[in-house]
Amino acid sequence: MTQTDKDVIIIGGGPAGLAAAVKLHELGVRDILILEREHALGGILRQCIHDGFGLTRFSQTLTGPEYAQRFIDAAAEQGIAYMLDTTVLRMSAAHAVTAASRKGLHRFNARAIILAMGCRERTRGALSIPGARPTGIYTAGVAQSYINLQNTMVGKNAVILGSGDIGMIMARRLTLEGARVSAVFELQPYPSGLPRNVEQCLYDYDIPLYLRHTVTNILGDARLQAVEVSEVGEDLRPLPGTQRLYPCDTLILSVGLIPENELALDAGVLLDAHTGGAVVDESYQTTVPGIFAAGNVLHVHDLVDFVSLEAERMAEAVKRYLAGEQAKPAIAVSAGRDVAYALPQHISGARDALLTFRPRRPLRDATLRVLQDGQAILTKRFPRMLPAQMEQALLPAAALKSHNPVEVVIGDA
Amino acid sequence: MLKLYTCILCPNGCEIRAEVGEDGQPAAIAGHRCPRGEAYVRQEICAPLRNIASSVLVEGGELPLCSVRLTSPIPKARIFDMMRLIHAARVPAPVELGQVLIPNALGLGCDVIATRNVGEG
Ligand SMILES: Cc1cc2nc3c(=O)[nH]c(=O)nc-3n(C[C@H](O)[C@H](O)[C@H](O)COP(=O)(O)OP(=O)(O)OC[C@H]3O[C@@H](n4cnc5c(N)ncnc54)[C@H](O)[C@@H]3O)c2cc1C
Ligand code: SF4
């Protein structure tokens with residue numbers, strides 16, 4: 001087993017890990033190492049070949065691989081060290097990191113650790129759909145990887161469960177590749193992905209989107225033959241007597257993403273039940289000093305631009321930590337009415353904090369309010385808010401009245 | 001007649017309302033957060049344009065596929081013609097990001113370009 005000391009170990013070489021590394025290097029932190037499980041840098045973007053990335057970060061619309069390449073090139077130019085085919089197995093609160101590659105086990109001691117492991121997809125198991133277990137059922141990301149990276153078509157006649165962005169993007173991709181996509185079914189009364197994807201991925205190709213519907217049975221022996229779909233009621237439970245059969249050989253699941261946090265739990269990092277990611281302060285520092293998190297491992301992002309920006313802000317905080325700044329989490333931040341989650345979960349009060357949140361339901365003419373001591377210390381209006389769209393608001397340190405807890409609430413017109 | 005559009009040019013996805021006259025011309029357009037939205041709706045009303053992304057088969061590469069996109073959007077009605085052209089194409093490795101793989105595709109004035117590097121296998 002090799003043993004190495006590093007200033008910063010970055011776990012994951014996707015957009016979050018890369019942006020953090022490039023920024024740290026720019027800030028003069030040079031003793032850094034990225035550990036990446038896959039055979040290439042770039043993370044999930046390597047398989048997202050459609051365009052629409054980069055408008056916020058680069059003021060230009062790029063495809064996933066092009067966006068990732070910008071950061072890969074920047075990292076190469078700076079000579080940032082990375083190890084591929086290297087999976088981190090363990091991490092301790094004392095900053096010991098154990099990773100495995102074909103060369104064997106490696107042990108690192110880091111002054112700071114950055115968690116950038118991304119997320120994984122929710123599967124059929126997590127949904128517990130009854131019925132047979134034939135082949136032909138894929139999560140959207142797995143289908144995307146088969147088609148876009150491995151040149152393997154997944155089927156000819158597909159049905160999609162869940163209206164997440166990746167599911168809608170796969171509906172278009174399958175259609176372009178010559179498959180028939182008969183419908184997308186969504187449990188909630190609203191789409192869970194962005195309106196632009198409903199428009200350009202479904203409506204452009206006459207793919208119907210059925211809201212308040214779910215798959216209630218799966219039929220087929222060796223290969224999937226059909227799914228039974230039912231309407232759901234207000235309580236989101238299937239309504240008896242509404243079943244319809246949809247013949248198909250492929251079922252694509254786009255039913256949510258879960259931050260990849262087994263390693264964080266190992267080190268005793270406290271997780272937030274709403275985000276599935278670490279509890280952090282305004283510096284993206286977790287509850288274990290010197291362990292930071294950004295990107296999908298912290299909370300699921302819909303847009304990579306915000307992943308990069310978050311990782312860059314975190315890198316600045318890591319630099320301050322290495323220079324000796326101590327975190328003093330003092331003020332608790334909680335998600336109140338109509339807020340699905342709010343980050344950070346606690347703040348020091350010493351610095352401005354960028355609040356990141358999602359609404360619990362679609363809202364029009366919505367007002368975000370940050371309350372402390374019964375008073376609104378920040379108010380921001382939004383013409384429209386959607387659960388599919390992450391929102392942000394800057395909470396200046398000067399706005400804080402005390403060290404009492406802060407609550408984030410949303411009200412509509 | 002009032003028509004509703006969702007602008008697809010950026011993730012904001014503005015809902016845009018357009019009052020379309022009997023001559024098919026938009027009289028009033030509202031709801032766009034930036035000027036690109038208005039231009040988008042005018043284009044949608046007369047001739048919708050879309051960009052597409054796909055992949056091209058690579059011969060002798062480290063990977064079987066190279067992802068591609070168009071350098072500018074094409075008429076919506078030509079998407080499947082473009083897909084047939086992209087499916088039929090074969091390119092030898094190595095391929096470099098930005099490389100033109102099919103110039104002036106379908107004579108529409110746009111190129112099919114590589115969006116990643118694919119080295120020799
Ligand atoms: C299937 C899918 C499709 C998406 N499509 C889009 C899209 O089209 N447009 C968009 O803007 N956003 C999309 N997203 C959103 C996504 O949030 C971002 O685009 C972005 O890729 C997230 O960056 P990240 O670095 O946090 O995570 P990732 O890109 O997932 O990168 C995490 C990296 O960490 C590595 N890793 C994980 N665990 C370990 C370990 N133990 N040891 C070593 N390495 C490890 C992984 O191999 C991976 O390379 C998609 C997300 C998913 C899951
Ligand atoms: S109108 Fe402008 S801001 Fe709105 S979706 Fe279109 S490009 Fe984006």
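Using the rule -39500 (n - 2.57) for each DSSP H run of four or more residues, divided by the residues of the protein assembly as shown, the 222 nm mean residue ellipticity is -5500 deg cm²/dmol.
When accessible surface is computed with a 1.4 Å probe, chains A and B are found to bury approximately 2600 Å² between them, both chains counted.
Each eigenvalue of the Cα gyration tensor of chain A, multiplied by 5 and square-rooted, gives one semi-axis; in descending order these are 36, 28, 19 Å. More than 13 angstrom separation, counting every C-alpha pair in the stretch A:71-127; what % is that? The calculated P(r) of the stretch A:71-127 puts 72 percent of pairs beyond 13 Å. For the stretch B:19-79, dividing the convex hull volume of the Cα atoms by the residue count gives 105 Å³ per residue. Each Lys and Arg contributes +1 and each Asp and Glu -1, all at the Cβ; summed about the Cα centre of the stretch A:145-287, the dipole is approximately 680 debye. The 3J(HN,Hα) values that the Karplus relation (6.51, -1.76, 1.60; θ = phi - 60°) gives for the stretch A:42-52 are, in residue order, x, x, 5, 5, 4, 9, 8, 7, 6, 9, x Hz. Gly and Pro appear as x. What's the whole-number percent of alpha carbon pairs in chain B lying beyond 26 angstrom? Counting pairs separated by more than 26 Å, the tail of P(r) holds 38 percent. Contact order for chain A, expressed relative to its length and based on alpha carbon pairs under 8 Å spaced 6+ residues apart, stands at 15 percent. Per-residue 3J(HN,Hα) values for the stretch A:240-250, derived from phi via the Karplus relation 6.51 cos²θ - 1.76 cosθ + 1.60 with θ = phi - 60°, read x, x, 9, 4, 9, 9, 10, x, 6, 10, 9 Hz in sequence order (x marks Gly and Pro).
Distance between the 7 Å Cα→Cβ label points at B:Phe80 and B:Leu49: 2.4 nm. With the convex hull drawn over the C-alpha atoms of the stretch A:181-223, the volume per residue is 81 Å³.
Model label sites at A:Ser92 and A:Arg337, defined 7 Å from Cα along the beta-carbon direction, differ in position by 4.9 nm.
Kindly identify residues of the stretch B:82-121 having a loss of at least 20 Å² in accessible area between the isolated chain and the assembly of all protein chains, probe radius 1.4 Å. By number: B:Met83, B:His87, B:Leu97, B:Thr115, B:Arg116, B:Asn117. For the stretch A:308-412, the Kirkwood estimate of hydrodynamic radius, built from reciprocal distances between every pair of different alpha carbons, is 14.4 Å. In plain terms, the C-alpha convex hull of the stretch A:364-412 casts an average shadow of 3.5 nm² when viewed from every direction. Figure legend: label point modelled 7 angstrom from the Cα of A:Gln326 along Cα→Cβ; residues of the stretch A:277-300 with amide N under 15 Å from it are A:289-290. Of the listed residues A:Met153, B:Met83, the order by accessible area with a 1.4 Å probe, largest first, is A:Met153, B:Met83.
For chain B, what % of the accessible area comes from carbon and sulfur atoms, probe 1.4 Å? The C+S portion of the solvent-accessible surface of chain B is 54 percent.
Projection of the Cα convex hull of the stretch A:134-283, averaged over all directions and equal to a quarter of that hull's surface, yields 11.7 nm². Relative to the compact-globule estimate of 2.2 N^0.38 Å, the Cα radius of gyration of the stretch B:1-42 comes out at 1.08. Summarising the amide proton neighbourhood of B:Ser55: residues at separation of 5 or more, or on other chains, whose placed amide H is nearer than 5 Å comprise B:Val68.
Placing +1 on each Lys and Arg Cβ and -1 on each Asp and Glu Cβ, with no other charges, gives chain B a dipole about its Cα centre of roughly 160 debye. Rolling a 1.4 Å probe over the protein heavy atoms gives the stretch A:177-271 an accessible area of 45 Å² per residue. With the simple model of a label 7 Å out from the Cα in the direction of the Cβ, A:Leu270 to A:Arg180 spans 5.5 nm.
Going from the isolated chain to the complete set of protein chains, the stretch B:38-73 loses at least 50 Å² of heavy-atom accessible area (1.4 Å probe) at B:Ala53, B:Leu65, B:Arg69.
Can you give the log10 of the normalised intensity I(q)/I(0) at q = 0.11, 0.19 Å⁻¹, computed with Debye over equal Cα scatterers of the stretch A:65-167? Result of the Debye calculation: -0.61, -1.13.
Convex hull volume per residue, computed on the Cα atoms of the stretch A:235-376, equals 186 Å³.
Ordered from largest to smallest accessible area (heavy atoms of protein chains, 1.4 Å probe), the residues A:Lys6, A:Lys380 come out as A:Lys380, A:Lys6. Based on protein heavy atoms only, the stretch B:24-121 ends up with 48 Å² per residue of surface accessible to a 1.4 Å probe. Close amide H contacts of B:Val112 (hydrogens built in the peptide plane, cut-off under 5 Å, sequence separation of 5 or more or a different chain): B:Leu101, B:Ile102, B:Asn104, B:Ala105. Loop-located chymotrypsin sites (Phe, Trp or Tyr not before Pro) across the stretch A:18-110 with a Cβ neighbour count of 10 or fewer within 10 Å are lacking, with loop assigned by DSSP. Remark: chain A carries a charge dipole of roughly 280 debye about the Cα centre, counting +1 on each Lys and Arg Cβ and -1 on each Asp and Glu Cβ.
Entry note: the stretch B:52-104 has Rg to Rh equal to 0.96, where both radii use alpha-carbon atoms and Rh is the Kirkwood radius.
When all alpha carbon pairs of the stretch A:1-66 are counted in 10 Å bins from zero, the resulting P(r) reads 20, 41, 30, 8, 1 %. Among the listed pairs A:Lys328/A:Lys380; A:Lys156/B:Lys3; B:Lys3/B:Lys76, those with a Cα-Cα distance over 25 Å are A:Lys328/A:Lys380; A:Lys156/B:Lys3.
The values are calculated or read from the model by the stated rules, or taken from the named source; none is laboratory data. Just so it is clear, the structure is predicted and the values come from calculations on it, not from any experiment. Heads up, the Cβs are rebuilt from the backbone with ideal geometry, glycines too, and the neighbour counts pull from every protein chain shown. Surface areas here come from the heavy atoms of the whole protein model, side chains and all, with no ligands, DNA or RNA. Shrake-Rupley method; radii C 1.70, N 1.55, O 1.52, S 1.80 Å.
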